[in-house]
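*Asks:* I'd like to ask you about the structure that follows.
The values are calculated or read from the model by the stated rules, or taken from the named source; none is laboratory data. In this text the structure is predicted, and so the values were computed from the model without any measurement. With ideal geometry, Cβ positions are generated from the backbone for all residues, glycine too; neighbour counts draw on all protein chains shown.
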Amino acid sequence: MARAAVLGRLSWRVADVVDIVEETSTARSLILDVPDWPGHRPGQHVDLRLTAEDGYTAQRSYSISSAPDGGRVELTVQRVEDGEVSPYLVDVVEPGDRFEVRGPVGGYFVWDPDDPAPVLLVAGGSGVVPLMAMIRTRAARGSPAPFRLIYSSRTPGTGVYRQELRVRAESNPGLEVAFAFTRVPSTATDAGRRRVGTDRLRESGWPPDLGPTCFVCGPTGFVESISRLLVDAGHDPARVLTERFGPTGG
């Protein structure tokens with residue numbers, strides 16, 4: 001993902017894989033133990049580095065999906081076909097393996113759990129990962145800030161955290177979740193099975209006069225479209241925070 005950060009004062013740390021959660025057929029969450037982890041804010045990411053026996057290294061950035069929790073860090077990785085790093089993390093890595101991480105990185109696309117303002121989260125595909133960190137942090141901190149998530153994925157089977165999100169929406173007062181699917185049979189009657197546009201943002205989002213903070217994350221085209229629709233609808237551009245990703249080699 002394209003993120004700005006000052007890396008000069010960050011150092012590489014060895015991370016131990018202590019557990020793995022299979023999220024979908026193409027995504028999994030890696031729970032890492034990172035000694036001397038300084039803590040993170042919801043929305044930040046880490047740089048991850050793999051080193052082969054011959055000394056070759058490959059580095060990618062991955063959003064943190066967990067709430068701040070001591071030295072444990074959770075990364076959710078979506079496999080990129082023909083990628084160099086993500087197929088290894090999704091298909092090969094096992095508990096007990098090790099690699100290096102550097103972070104936390106990023107200070108713009110973050111949510112402050114002390115801010116009581118309404119929050120609108122709009123995710124496309126794996127863009128839900130840093131937004132999940134915000135949802136989990138809200139619950140862990142007992143924040144009263146009202147949250148609404150609109151999550152667009154290709155099909156119900158490709159959406160990450162779908163069951164957890166449904167449970168949280170039922171058990172966490174003030175959290176509302178709406179799903180949108182972009183590739184389903186034309187006979188589908190579920191109202192959620194349509195792309196996110198002006199109508200869906202109006203129905204499932206917050207009105208601009210409430211002054212919500214909007215976080216939009218996903219593929220570049222998705223983010224540009226949604227952020228433009230939000231601004232056109234009257235949302236303060238300064239409160240529409242975006243993070244996008246595109247082909248990076250995986």
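*Asks:* Out of all the residues in region 16-36, which are at pLDDT below 95 and over 18 Å from the mean Cα position of the chain (by Cα)?
*Replies:* If the condition is that a residue be at pLDDT below 95 and over 18 Å from the mean Cα position of the chain (by Cα), then PRO35, ASP36 are the ones that fit.
*Asks:* Within region 82-96, can you find the residues that are over 15 Å from ARG60 (Cα atoms) and surrounded by fewer than 17 Cβ atoms within 10 Å (Cβ to Cβ)?
*Replies:* ASP91, VAL92, GLU94, PRO95, GLY96
*Asks:* Which one is nearest to PRO68 (Cα to Cα), of the residues in region 149-159 that are buried (at least 21 other Cβ atoms within 10 Å of the Cβ) and either modelled with pLDDT of 95 or more or over 17 Å from the mean Cα position of the chain (by Cα) (or both)?
*Replies:* So the residue we want is LEU149.
*Asks:* Let me ask you something else. Quick one: which residue in ALA67, ALA58 is free of Cβ contacts under 8 Å to residues at least 40 places away in the same chain, among the hydrophobic types (A, V, I, L, M, F, W, C) and either outside any strand (DSSP E or B) or surrounded by fewer than 20 Cβ atoms within 10 Å (Cβ to Cβ) (or both)?
*Replies:* One residue alone meets the criteria, ALA58.
*Asks:* Among the residues of region 217-241, how many are assigned to a helix (DSSP H, G or I) and either hydrophobic (A, V, I, L, M, F, W, C) or over 17 Å from LEU149 (Cβ atoms) (or both)?
*Replies:* Just the residues of region 217-241 that are assigned to a helix (DSSP H, G or I), to begin with: 220-232, 237-239.
From what is left, the residues that are either hydrophobic (A, V, I, L, M, F, W, C) or over 17 Å from LEU149 (Cβ atoms) (or both) are 220-226, 228-232, 237-238.
Looking only at that region, the number is 14.
*Asks:* Name the residues in region 197-250 that are charged (D, E, K, R) and on the phi > 0 side of the Ramachandran plot, would you?
*Replies:* Residues satisfying the conditions do not exist here.
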